[in-house]
Amino acid sequence: MIFSLNRNQTFQCEYWVRLTVSPIDTGTLLLVGWRAEIGFKRGLIIVKWKIGNVTVTKVKEVELPGLRFLIPECVPENLEKLPWLAPHFVNEKWKPMASIHTLIVETMGQKVLVDTCLGNDKQLAMEAWSNRTGPFLQDLSDAGHPRESIDKVLCTHLHPDHIGWNTMLKDDVWVPTFDNAQYIFGRVEWEHFSALEDETNKIMCEQSVQPIVDADKHTLVETDYKISDEVWLEPTPGHTPGHVSVHIKSDGKEAVISGDCMHHPSQMAHPEWKCTFDNDAAQAQATRRSFCGKYSGTPTLIIGTHFAGVTAGHIVADGDVWRFEA
């Protein structure tokens, strides 16, 4: 559906889509929603989903085309064969779109921030990800979630685009960004990454993980840890040994935050397309197949941790594989 909105307009469709444009913003939007609320502030697009009594809010740090460095087969000549990817998950040249964003889960009086993106001022192996100076914390605040309001920070795994804002640079020292939060790390994940000796991983941990441990603000949990009666972890290993997804169930509704068991919806049609950074490619492929098979044809909303645009939708069987309906 295409909605054109002028200043200060709000459009409501049934009870599940709400669009608001602030006095400084105008535009045309292409949207397909599932109990989604999309608002605008300072040019920031704020997307929310309601899963029963749970609210999930997406705050984007960066969205860009191109995934060849991550999934070598994820290129236009292959993606053109999957017309259902358009318009949300490819651009007009059929380059894959990917997003790095955080998801704030509000459950039973708690605010749980899932994955903390890249962060500012970080020294990372990928030059494009290093020394950022983005407005993420302001965007988070504008979305209604200032950093001091976060109760828990959950990292689905310990890769740099999921742990960056764990810390921020203050007087040349890395300090916890979310002062009032408990940080939740998987025990298996921490044991794996803390044992790695390569320089890249050491720097990453020194910047974004060790300061949390030193401040005694972390808790190590198992891969089925229960955050509340509505939210718990679901093991999805392969990309990393202790990788988890986040399952939400409330008032008869369900959703799953995927984490990196898939980086792009095209991997539903091609679960054999491995990620360059998968720790165990065979296990990661098995996890993708199991994940798609489990949720295919169900009303469970899948919220993709790196899915661009509308980000969420449903897995549908398509012969021996699957497609994503946003």
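Conditions tested, residue by residue: (1) closer than 23 Å to HIS263 by Cβ; (2) aliphatic (A, V, I, L, M).
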| position | (1), (2) |
| --- | --- |
| ASP216 | no, no |
| VAL221 | no, yes |
| ILE227 | no, yes |
| GLU230 | no, no |
| THR236 | yes, no |
| THR240 | yes, no |
| HIS243 | yes, no |
| ASP251 | no, no |
### Message
Can you confirm whether GLN123 is out of contact with any strand residue (DSSP E or B) (no Cβ under 6 Å at 6 or more places or on another chain), over 24 Å from MET262 (Cα atoms) and part of a loop (DSSP other than H, G, I, E, B)?
### Response
yes
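Going by what's in this entry, would LYS111 be described as among the charged types (D, E, K, R) and over 21 Å from ALA312 (Cα atoms)?
Values: among the charged types (D, E, K, R): yes; over 21 Å from ALA312 (Cα atoms): no.
Taking the combined requirement at face value, the residue does not satisfy it.
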### Query
If you go through segment 128-151 one residue at a time, do you hit one that is modelled with pLDDT of 95 or more, outside any helix (DSSP H, G or I), within 19 Å of ALA326 (Cβ to Cβ) and hydrophobic (A, V, I, L, M, F, W, C)?
no
### Message
Regarding segment 189-209, can at least one residue be identified that is at pLDDT below 95, aliphatic (A, V, I, L, M) and surrounded by 19 or more Cβ atoms within 10 Å (Cβ to Cβ)?
### Response
yes
### Query
Which one of these does VAL175 not meet: (1) within 15 Å of THR116 (Cβ to Cβ); (2) buried (at least 20 other Cβ atoms within 10 Å of the Cβ); (3) more than 18 Å from the chain's Cα centre (by Cα)?
(2)
### Query
Which residue pairs have Cβ atoms closer than 7 Å, lie 6 or more positions apart in sequence or on different chains, and pair a first residue in segment 108-119 that is more than 23 Å from SER130 (Cβ to Cβ) and outside any loop (DSSP other than H, G, I, E, B) with a second residue that is among the charged types (D, E, K, R) and at pLDDT below 95?
none
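Any chance you could count how many residues in segment 61-86 are at pLDDT below 95 and either in a loop (DSSP other than H, G, I, E, B) or touching a Ser or Thr at 6+ places or on another chain (Cβ under 6 Å) (or both)?
Matching residues across segment 61-86 total 6.
Picking from VAL256, VAL321, which residue would you name as being touching a helix residue (DSSP H, G or I) at 6+ places or on another chain (Cβ under 8 Å) and within 23 Å of GLU106 (Cβ to Cβ)? Steps first, please.
Details: VAL321 fails: within 23 Å of GLU106 (Cβ to Cβ).
Within the list VAL256, VAL321, the selection yields VAL256.
This table checks each residue for (1) surrounded by 24 or more Cβ atoms within 10 Å (Cβ to Cβ); (2) in contact (Cβ under 8 Å) with a residue 24 or more places away in the chain; (3) touching a Phe, Trp or Tyr at 6+ places or on another chain (Cβ under 8 Å).
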| residue | (1), (2), (3) |
| --- | --- |
| THR236 | yes, yes, yes |
| HIS243 | yes, yes, no |
| HIS247 | no, no, yes |
| CYS261 | yes, yes, yes |
| GLN267 | yes, yes, yes |
| LYS274 | no, yes, no |
| ASN279 | no, yes, no |
| GLN283 | no, yes, no |
### Task
Considering each residue of segment 161-201, count those that are among the β-branched types (Val, Ile, Thr), assigned to a helix (DSSP H, G or I) and under 20 Å from GLY238 (Cα atoms), and give that number.
2
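Please verify whether segment 261-275 includes one or more residues that are modelled with pLDDT of 95 or more, assigned to a strand (DSSP E or B) and under 29 Å from ILE71 (Cβ atoms).
No, the conditions are met nowhere in segment 261-275.
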### Message
Pull out all pairs, ordered by first then second residue, where Cβ-Cβ is under 8 Å, the residues are six or more apart or on different chains, the first lies in segment 285-296 and is within 13 Å of GLN267 (Cα to Cα), and the second is surrounded by fewer than 15 Cβ atoms within 10 Å (Cβ to Cβ) and among the charged types (D, E, K, R).
### Response
GLN285/GLU272
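Is it fair to say TRP49 is farther than 30 Å from CYS205 by Cβ, among the aromatic types (Phe, Trp, Tyr) and in a strand (DSSP E or B)?
On the way: farther than 30 Å from CYS205 by Cβ: yes; among the aromatic types (Phe, Trp, Tyr): yes; in a strand (DSSP E or B): yes.
So TRP49 passes the test.
The values are calculated or read from the model by the stated rules, or taken from the named source; none is laboratory data. Just so you know, these numbers come straight off a predicted model, no measurement behind them. Neighbour counts run over all protein chains shown; Cβ positions are idealised from the backbone, glycine included.
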